[in-house]
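Visitor: One structure, pasted below without further comment.
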There are 2 protein chains.
Amino acid sequence: MQSSTSPTPLYLEDLTVGDVFTSESYQLDSDQIIQFASQFDPQPFHLDADAAKDSFFQGLAASGWHTVAITMRLLVQSLTLANGVIGAGAEISWTQPTRPGDTLSVASTILSITPSRSKPDRGIVVVESITSNQRGEAVQKLVSKVVCFRRPV
Amino acid sequence: MQSSTSPTPLYLEDLTVGDVFTSESYQLDSDQIIQFASQFDPQPFHLDADAAKDSFFQGLAASGWHTVAITMRLLVQSLTLANGVIGAGAEISWTQPTRPGDTLSVASTILSITPSRSKPDRGIVVVESITSNQRGEAVQKLVSKVVCFRRPV
């Protein structure tokens, strides 16, 4: 629990290309899938197990935006940047459906670190986050551009 | 309301590059921003207006994943593909913060239509969705690769 409640705040100087940050896990069930979809992605294959059987997904599947939202929750807990995880943009691909009963976890790798030319107190860090299920299968790849601050002098 | 409750299902043949689909609007408030952030992006600038004042965002701002989730809700209602809006991947950039009190709407433009070589019943459609606030300022640009089916023979 200590890692969640009193994380070490990380500054730009603390990161190295190739560093990997591994999250805790997140248990997903049908009720959560249906609740998220009702609010944000109300399509039959995310709302109703019976309707989903005959769909593209051949069974109830989480909205991809639900998977990415869970990924963000796990990322915020595992990559503890000093001023927060602030995204400027992202690329996402969904490699297979997320299902009820899945246990998700995220491994995030620092791909690049680019100091800002105009703002000396910060830089942009590119982070690749692979979200996997309990069988170790990747369900999503997220590459984010994150604003990261230097340690104050 | 008719457009929401009995939309015309669209197949690949019904789409043309340059077609624009305009959504209804969505009213966002502080409670929604805080509720989403509590679940998926628990960082001070998304959770607490006072704490947010001294942050990067200089005031309470919605999680970018909340903005994209709202965008999906508006997209599903406005781009009524016959078998649903099924994304294979996406690129997102957030151009400015989404704030309490914002009214969001989405304009989606068909950028390309590529029939599948291996699966003759479908293709991939690239859709650019610009999410704007009540002042017409873009808050997010989303480019999605969407699976789209041909009309059954």
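Visitor: Sort out which residues of region A:81-99 are out of contact with any strand residue (DSSP E or B) (no Cβ under 8 Å at 6 or more places or on another chain) and more than 7 Å from chain B (Cβ to nearest Cβ), and write them in order of number. Let's see the steps before the verdict.
Guide: First pass over region A:81-99, keeping only residues out of contact with any strand residue (DSSP E or B) (no Cβ under 8 Å at 6 or more places or on another chain): A:84, A:99.
Scanning region A:81-99 gives a single hit, A:R99.
Visitor: Are there any pairs, at least 6 apart or on different chains, whose C-beta atoms fall under 7 Å, with the first in region B:25-44 and within 9 Å of chain A (Cβ to nearest Cβ) and on the phi < 0 side of the Ramachandran plot and the second surrounded by fewer than 17 Cβ atoms within 10 Å (Cβ to Cβ) and in a helix (DSSP H, G or I), and if so, which?
Guide: If the second residue must be surrounded by fewer than 17 Cβ atoms within 10 Å (Cβ to Cβ) and in a helix (DSSP H, G or I), the pairs left are B:P44/B:A51.
Visitor: Please verify whether region A:132-144 includes one or more residues that are under 24 Å from A:P7 (Cα atoms) and either in contact with a helix residue (DSSP H, G or I) (Cβ under 9 Å, 6 or more places away or on another chain) or touching a residue at least 60 places away in the same chain (Cβ under 8 Å) (or both). It would help to see each step written out before you state the result.
Guide: Keep residues of region A:132-144 that are under 24 Å from A:P7 (Cα atoms), which gives A:132, A:142-144.
From what's left, either in contact with a helix residue (DSSP H, G or I) (Cβ under 9 Å, 6 or more places away or on another chain) or touching a residue at least 60 places away in the same chain (Cβ under 8 Å) (or both): A:142, A:144.
There is at least one residue in region A:132-144 that is under 24 Å from A:P7 (Cα atoms) and either in contact with a helix residue (DSSP H, G or I) (Cβ under 9 Å, 6 or more places away or on another chain) or touching a residue at least 60 places away in the same chain (Cβ under 8 Å) (or both).
Visitor: Please go through region A:55-80 and give me each residue that is more than 11 Å from the chain's Cα centre (by Cα) and more than 10 Å from chain B (Cβ to nearest Cβ), ordered by number.
Guide: A:Q58, A:G59, A:L60, A:A62, A:T80
Visitor: Right, another one. With at pLDDT 95 or above, touching a Phe, Trp or Tyr at 6+ places or on another chain (Cβ under 8 Å) and surrounded by 20 or more Cβ atoms within 10 Å (Cβ to Cβ) as the only criterion, which of A:A90, A:A107, A:A37, A:A62 stands out? Steps first, answer last, please.
Guide: Details: A:A90 fails: touching a Phe, Trp or Tyr at 6+ places or on another chain (Cβ under 8 Å); A:A107 fails: surrounded by 20 or more Cβ atoms within 10 Å (Cβ to Cβ); A:A37 fails: touching a Phe, Trp or Tyr at 6+ places or on another chain (Cβ under 8 Å).
One residue alone meets the criteria, A:A62.
Visitor: What is the one condition in (1) assigned to a strand (DSSP E or B); (2) within 30 Å of A:Q77 (Cβ to Cβ); (3) not hydroxyl-bearing (S, T, Y) that B:I70 does not satisfy?
Guide: (1)
Visitor: Looking at region A:88-125, which of its residues are in a strand (DSSP E or B), among the small types (G, A, S), in contact (Cβ under 8 Å) with a residue 60 or more places away in the chain and farther than 21 Å from A:V153 by Cβ?
Guide: Within region A:88-125, A:S105, A:A107, A:S108, A:S112 meet the criteria.
Visitor: Please give the number of the condition B:V76 fails out of (1) in contact with a Phe, Trp or Tyr (Cβ under 7 Å, 6 or more places away or on another chain); (2) without any contact (Cβ under 8 Å) to a residue 12 or more places away in the chain.
Guide: If we test B:V76 against (1) in contact with a Phe, Trp or Tyr (Cβ under 7 Å, 6 or more places away or on another chain); (2) without any contact (Cβ under 8 Å) to a residue 12 or more places away in the chain, just (1) comes out false.
Visitor: Among (1) surrounded by fewer than 23 Cβ atoms within 10 Å (Cβ to Cβ); (2) among the hydrophobic types (A, V, I, L, M, F, W, C); (3) not in a loop (DSSP other than H, G, I, E, B), where does A:F45 come up short?
Guide: If we test A:F45 against (1) surrounded by fewer than 23 Cβ atoms within 10 Å (Cβ to Cβ); (2) among the hydrophobic types (A, V, I, L, M, F, W, C); (3) not in a loop (DSSP other than H, G, I, E, B), just (1) comes out false.
The values are calculated or read from the model by the stated rules, or taken from the named source; none is laboratory data. Just so we're clear, the structure is a prediction, and the values are computed from it rather than from any experiment. All Cβ positions, even for glycine, are placed from backbone atoms using ideal geometry, and neighbour counts span all protein chains on display.
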